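The values are calculated or read from the model by the stated rules, or taken from the named source; none is laboratory data. Remember, predicted model here, so these are calculated numbers, not experimental data. Counting neighbours? That spans all protein chains shown, and the Cβs are built from the backbone with ideal geometry, glycine included.
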Amino acid sequence: MFDHVKFGCSDYAASKAFFVKALEPLGVAIVGEGVPTYGVEMCKKGDTVSLILFQTEEKPAHLHICFAAETRRCFCAMISFSKSINISRPQVDG
């Protein structure tokens with residue numbers, strides 16, 4: 001269902017440390033990291049769904065959720081529904 005969830009945090013170092021430690025028992029580890037404004041990506045080994053945290057001063061912090069569609073037909077149906085409820089700008093990645 002999800003490809004990735006990305007959200008901003010005001011204290012990047014503290015948030016990163018918290019989530020790394022909290023998710024470690026679930027097998028989640030860091031799989032990629034850039035500058036704090038890009039963030040850190042965490043994923044369970046062998047999985048493709050990830051959680052991404054990034055530094056921001058924006059209040060409330062930006063939240064980005066990316067859904068994974070199994071087929072083009074599913075994708076088109078999701079976009080069609082989004083437009084029908086006046087989500088004027090569904091973003092398409094890839």
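State which residue is modelled with the highest pLDDT when the search covers only region 3-15 and only residues that are over 14 Å from residue 61 (Cβ atoms) and surrounded by 11 or more Cβ atoms within 10 Å (Cβ to Cβ). In this case the residue turns out to be 4.
Selection of first residues in region 28-43 that are of a type in the set (S, T, N, Q) and of second residues that are not in a loop (DSSP other than H, G, I, E, B), restricted to Cβ pairs under 9 Å at least 6 apart or on distinct chains, gives the following pairs, ordered by first then second residue: 37/12; 37/54; 37/55. Taken over region 21-33, the criterion of being over 29 Å from residue 70 (Cα atoms) and surrounded by 10 or more Cβ atoms within 10 Å (Cβ to Cβ) is satisfied by 22 alone. The residues in region 36-83 that are at pLDDT below 80 and exposed (fewer than 10 other Cβ atoms within 10 Å of the Cβ) can be counted, and the count is 3.
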